[in-house]
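Enquirer: Quick one: structure below, then a few questions.
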Amino acid sequence: MNLLLVDPGEVGADGVARIGGRRAEHVARVLGATPGARVRTGVLGGAIGQATVIAVGGGTLVIDLAELATAPAPERGPPLDVILAVPRPKALSRTVQTLAAMGVRRVDLVNAWRVDASYFVSPRLGAAALDEDARLGAEQGVTTHLPVIEVHRLLVPFLVEVLAPRLAAWRVAAPLRCVLAHPAAAAALERIVSPGDVSAVVLAIGPEGGWIDRELESFTGAGFAAATFGPAVLRTETAVAAAVAQIALLRRLRSLDTSHGGADPDQAWGD
């Protein structure tokens, strides 16, 4: 836990929060905090700063968040949303935690031909489990922003009824790149998301067996461009980390591009 994440509803009018469960046990046993200690804390969707431990023990943590009232909320860059074919249950939790830690804004978990039907009855795909994994990832990545996570049992209705209107609205509002991860693609990622590009990105990553041809056609028909992130065929959790990291690197290369005239393009993006 690199960040103690607190829900706004846990903070009283006096700026004091009372927390129990896993987080309280971690602060007490792992961090060894005692009254007066300072703990890096963030309020969900808000600021990050130092909280002061008032009391800890007996499964309860009491902290003073007064200083967070003046701390700035973490900045967010251009949106990155991920469409992910549901991975094996053992990999699902790690993958969601990775996406949350790396600041992904939205995760749409979808079905695909090579996704086993049994995955959709796994308790790890339940709303509570996904929320817990997102929180664990945010604590690891030191962010107070959790991704919106939705599960879609049918791919084509998702593409037509949910994604198409969403993409149409985004394209009106701001530049958008839709990328389909595919090891056999002819184009490398940087041909679609060029260095310094600060467009929003929607990234689709398939199952470990890959998208079938019909699914590839459905995505390209929806405006996605197939891209390779390298010659290796990776497991889902590895592919997710590699893809998101490469997009983040390409975006950071804007610091080498003087064409922006010194303006900060991140300021154009809201939540």
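Enquirer: If the elastic network links every pair of Cα atoms under 10 Å, which of THR60, THR228, THR41 fluctuates the most in the Gaussian network model of the chain?
Expert: For the chain, modelled as a Gaussian network with Cα springs under 10 Å, the answer is THR60.
Enquirer: With +1 on each Lys and Arg Cβ and -1 on each Asp and Glu Cβ, and nothing else charged, work out how big the dipole of the range 3-141 is about its Cα centre, in Debye to the nearest 20.
Expert: Using Cβ point charges on Lys, Arg, Asp and Glu, the range 3-141 gives about 480 debye.
Enquirer: Using +1 at the C-beta of Lys and Arg and -1 at the C-beta of Asp and Glu, which of ALA101, PRO89, ALA71 has the Cα lying farthest in the positive direction of the dipole of the range 61-122?
Expert: PRO89
Enquirer: Using a Förster radius of 30 Å, what is the FRET efficiency between VAL121 and GLU25 based on their Cβ-Cβ separation? Nearest 0.05, please.
Expert: The pair VAL121/GLU25 has a calculated efficiency of 0.45.
Enquirer: For the chain, give me the percentage of DSSP beta bridges that are antiparallel, rounded to the nearest 5 percent.
Expert: Taking every DSSP beta bridge with both residues in the chain, the antiparallel ones total about 35 percent.
Enquirer: What is the packing order of peptides 179-192, 122-135, taking the mean over residues of other C-beta atoms within 10 Å and listing the highest first?
Expert: Descending mean neighbour count gives 179-192, 122-135.
Enquirer: Please report, as a whole percent, how much of the solvent-accessible surface of the chain comes from carbon and sulfur atoms (probe radius 1.4 Å).
Expert: About 55 percent, which is the carbon plus sulfur part of the accessible surface.
Enquirer: Could you give the length gained on full extension between ARG191 and ARG252, defined as 0.36 nm per residue of separation minus the Cα-Cα distance, in nm?
Expert: The ARG191-ARG252 span can extend by a further 20.4 nm.
Enquirer: What is the distance, in nm, between label points placed 7 Å from the Cα along the Cα-to-Cβ direction at GLU208 and at ALA13?
Expert: Distance between the two pseudo-spin positions: 5.4 nm.
Enquirer: Accessible area of ASP14, 1.4 Å probe, to the nearest 10 Å²?
Expert: Counting only protein heavy atoms, the figure is 100 Å².
Enquirer: Evaluate the distance, in nm, between pseudo-label points positioned 7 Å from the Cα of ARG114 and of GLN50 along their respective Cα→Cβ axes.
Expert: The answer from the label model is 5.0 nm.
Enquirer: Follow-up. How large is the accessible surface per residue of the chain, computed with a 1.4 Å probe and reported in Å² as a whole number?
Expert: 48
Enquirer: Let me see the pair-distance distribution of the chain: every alpha carbon pair, 5 Å bin width, integer percents in order.
Expert: Going out from 0 Å in 5 Å bins, the chain shows 1, 6, 12, 15, 16, 15, 12, 9, 7, 5, 2, 0, 0 percent.
Enquirer: For VAL172 and ALA71, compute 0.36 nm times the residue count separating them, minus their Cα-Cα distance, and round to one decimal in nm.
Expert: Full extension from VAL172 to ALA71 adds 33.0 nm.
Enquirer: I'd like the per residue volume of the convex hull spanned by the Cα atoms of the range 104-256, given in cubic angstrom.
Expert: 128
Enquirer: Sticking with this structure for a sec: What 222 nm value per residue comes from the helices of the chain, counting each DSSP H run with n ≥ 4 as -39,500 (n - 2.57) and dividing by all residues, nearest 500 deg cm²/dmol?
Expert: Calculated from helices alone, the mean residue ellipticity at 222 nm is -8000 deg cm²/dmol.
Enquirer: Another one. Starting from the residue with the highest accessible area, list VAL62, VAL162 in decreasing order, probe 1.4 Å.
Expert: Heavy-atom accessible area, descending, gives VAL162, VAL62.
Enquirer: Then there is this: Using alpha carbons only, how many degrees (0 to 90, rounded to 10) separate the axis of helix 89-101 from the longest principal axis of the chain?
Expert: 70
The values are calculated or read from the model by the stated rules, or taken from the named source; none is laboratory data. Remember, predicted model here, so these are calculated numbers, not experimental data. So basically every Cβ, Gly included, is an ideal-geometry build from the backbone, and we count neighbours across all protein chains shown. Just the protein is used for accessible areas: all its heavy atoms, side chains included, with ligands, DNA and RNA removed. Shrake-Rupley method; radii C 1.70, N 1.55, O 1.52, S 1.80 Å.
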